[in-house]
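Asker: Let me begin by handing over the structure; questions about it come next.
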Amino acid sequence: MKIFTHDPTSPLSDEDKKALIETEWLVTNGLGGYASGTVGGTLTRVFHGYLIAALPAPLGRTMMLNDVFEELALPDGRTAGLTGIRKEKSDWPGSQHLAEFRLEYGLPVWTYEVEGYTVEKRVYLPHRQNTTYINYRLTNGPGAVRLKLRPAVNMREHEAPVSLPLDAYRVTFSDYHYELSGTGTIPPLRMMLLAEGGGFEINCEKICDLIYGIEQSRGYIFRGDLWSPGYFLANLPMDEDVTIAASTDSWDVMSSLNPRQAWDAERDRKRRLLLEANPDICEGTCRTLVWAADQFLFTPVGRQQDTARARAAGDEIRSVIAGYHWFTDWGRDTMISLEGLTLVTGRQVEASYILRTFAHYIKDGLIPNMFPEGKTSGLYNTADATLWFFHALHRYLEKTNDHHLLAHLLPKLLDIVGHHLRGTRFNIHVDPNDGLLWQGAEGYQLTWMDAKVEDWVVTPRRGKAVEINALWYNALKLLEGWLRASGRDSEADGIGSHAEKARASFNARFWYEAGGYLYDVVDGEDGRSDPSCRPNQIFAISLDHPVLDRSRWEAVINVSKERLLTPVGLRSLAPGEPDYKPCYDGDLRSRDAAYHQGTVWAWLIGPFVDAWLRLHPGDFETARGFVSGFENQLRGTCVGSINEIFDAEPPFNPRGCCAQAWSVAEVLRAFIKTSGQGELTPDKVELATASVM
């Protein structure tokens, strides 16, 4: 998939410069680690680097190799920088020579053209290794050229500011093996140059006052320093490779694959992902989304006790990175994403690992809201993640008929419902008067609309929230069905009676007659109901057991379509509402004030499509139109993936995380649901993978 093309003999246009500095790439390693940067090579985020390693707790993800400054030495003595240093906002580093940027098998490939020479660069990470390969190959030219590659570092914790003072690094080397060590607990960075006739020149240099543009625009610290121990020099003959390998793994692990083997292994793994997937990946958008989905599934290396426990039971620990670059694994995001990331991509075994992993953490009737970076225990401040767990389990069971897992989890599911009926943390409890679920505690944000700035909870939604009660009813009905299928009719009758009470109360309490849609919250803290027009009401129709009476589906869907639907998802608040914000920009407080007050969320397109097709069975053509706007987004902010959020008004600028799990998962699921595509066959895989650019 080609993303960018340019004639290097012509000046870069302002539009080209903007694209090169704003378009990002991402490569992941299945451990939570990754490499990421801009297409033009300029560092703009605290998270940009060639190796962000996933290390055991208490370190967590750690920036190891920030940058490599690349220079091509021509035979006549002239040099050309392929990338450069940005110290002022007006600076433009050496992307002038970039002729093309594309994705192959979802992996980034750059083509540079300099004075008749063509050099290809690739970045790839072997699966489940904290190792990165930066590979260069001369594909055209009158003869060999010479590469000068200067690695630069400021090793730090994942979210530490770019201004963190440089450590006193020490360089040791032996037989083309180089180690860069600091004075703290961060492990050494090991580097190898894999090239004929290559070497390393000690030439220490401090690179001062780099500008990180995105951090500047978001109101964070944006100036920082890097340190380089020297540079690699290597001849680059025609059709030969020069590769820097950088890693926190042992030398034995680093040496287990040469660069070509590592590339072939990752390419073959990507082909297998298509073979395992259910969608007809001849359709390019689905193929790209299958590869994007893979980036979020990972094996947490930090929680070593969990790994030991899971393996003792014959399982593996798995989870979902909610979004790149700064999110870890979140319970809510994982359960919403599970179907799109695993079940429609043929990865049912990993789905079972994820469900078992989170089931282990159930406490007081709740699954964790999130696992903080570098921690081994979760936070439980969520009212809906546990209810989404029922939904994810149901979709998994539909796909697999895994009766063993259901039997294992039934006691836990009954315990969850019991805690909700009696009351659990954060004042989450069922009101015995009407059977509806109330949630809320001072200073906490418990629904998915969870923005908080210091002590300010932007959308607390304390009370009986509409989607929480839709999820509660759905969970009760699912549990009732599982109990009946297990021959436990007496228990099923009790659960069913709670469900029917909740359903009757929901339809009596949530209908907002004046607006022709559903209240967002009833019995709020002030005793009033909130008539804000929000997308949360769509779940009263979209879930497997819709709680809303059929007679009101059309009104709710029409209001959502007219006031909330955009080409890239649903607005979180309708225009015209008092708190509506059309743009998500400015400093942190301004952004969080808009996060759920109009900002468009891509993941909501999945539930909207579900609701539409429930009201209009078989109308796949219209439903496909609701997701068609995402095709261009795959060439947008993070190539091959989909942003977390978008501005609420045209041109719907992408914002937030540049690659978000539930955005990719729900768009992929909606594409498959609206396509009528069949199961994969080997001939379709061969056709689809014959051309992957």
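Asker: Once you charge only the Cβ atoms, +1 for Lys and Arg and -1 for Asp and Glu, what is the size of the charge dipole of the chain about its Cα centre, to the nearest 20 debye?
Answerer: 800 debye
Asker: Further question on the same structure: Need the C-alpha centroid separation for region 415-465 versus region 1-42, integer Å.
Answerer: Each part's Cα centre sits 42 Å from the other's.
Asker: Can you pull out the trypsin sites (Lys or Arg not before Pro) in region 168-271 that DSSP calls coil and that have at most 14 other Cβ atoms within 10 Å?
Answerer: Passing both the DSSP loop test and the Cβ count: no residue.
Asker: To continue, here is another question. Looking at this model, which pairs from Lys452/Lys477; Lys561/Lys673; Lys412/Lys477; Lys363/Lys501; Lys399/Lys673; Lys18/Lys206 are more than 22 angstrom apart at the alpha-carbon?
Answerer: In this structure, Lys452/Lys477; Lys363/Lys501; Lys18/Lys206 exceed 22 Å between Cα atoms.
Asker: A follow-up question, please. Compactness ratio of region 370-519: Cα Rg over 2.2 N^0.38 Å, N = residue count?
Answerer: Its radius of gyration relative to the 2.2 N^0.38 Å reference: 1.12.
Asker: Could you work out how much longer the chain between Lys412 and Ala73 gets when fully extended? Use 0.36 nm per residue separation minus the Cα distance between them, nm to one decimal.
Answerer: Value of the extension gain: 115.6 nm.
Asker: Where the convex hull is taken over the Cα atoms of the chain, what is its projected area averaged over directions, in nm²?
Answerer: 29.9 nm²
Asker: Let me have the 222 nm mean residue ellipticity of the chain computed from DSSP H runs of 4+ only, each contributing -39500 (n - 2.57), with the sum over all residues rounded to the nearest 500.
Answerer: Mean residue ellipticity at 222 nm (helix-derived): -9500 deg cm²/dmol.
Asker: Check which residues have an amide H placed less than 5 Å from Asn140's amide H, if you skip close sequence neighbours.
Answerer: Answer set, sorted by chain and number: Thr118.
Asker: Another question, if that's okay. Cα centroids of region 241-273 and region 537-551: how far apart, whole angstrom?
Answerer: 48 Å
Asker: How large is Rg/Rh for region 300-411, to two decimals, with Cα atoms and a Kirkwood Rh?
Answerer: Here Rg/Rh amounts to 0.93.
Asker: Out of the GluC sites (Glu not before Pro) in region 504-563, which ones are loop residues according to DSSP with at most 12 other C-beta atoms within 10 Å?
Answerer: Passing both the DSSP loop test and the Cβ count: Glu513, Glu525.
Asker: Taking the Kirkwood radius as the inverse of the mean 1/r across Cα pairs, report the Rg/Rh of region 277-689.
Answerer: So for region 277-689, dividing Rg by the Kirkwood Rh gives 0.94.
Asker: Could you tell me the distance between the Cα centroids of region 103-156 and region 609-671, to the nearest Å?
Answerer: With region 103-156 and region 609-671 each reduced to a Cα centre, they are spaced 32 Å.
Asker: Now, a different point. Between Arg422 and Val253, how many nm apart are label points set 7 Å from Cα along the C-beta direction?
Answerer: 4.4 nm
Asker: Using alpha carbons only, how many degrees (0 to 90, rounded to 10) separate the axis of helix 489-509 from the longest principal axis of the chain?
Answerer: Tilt of helix 489-509: around 90 degrees.
Asker: Give me the extension gain from Asp14 to Glu554: residue separation times 0.36 nm, minus the current Cα-Cα distance, reported in nm with one decimal.
Answerer: Additional length available on full extension: 189.7 nm.
Asker: Largest first, please: the extent of the C-alpha atoms of region 2-259 along each principal axis, to the nearest Å.
Answerer: Projected onto its principal axes, the Cα set of region 2-259 covers 49, 45, 36 Å.
Asker: Would you mind getting me the FRET efficiency between Arg589 and Asp239? Use the beta-carbon distance for r and R0 = 60 Å, nearest 0.05.
Answerer: With a Förster radius of 60 Å, E is 0.65.
We did not get these values from a lab; they are worked out from the coordinates using the rules stated. This structure is a prediction, so every number in the text was calculated from the model and none was measured. Virtual Cβ from ideal backbone geometry, glycine too; neighbours counted across all protein chains shown.
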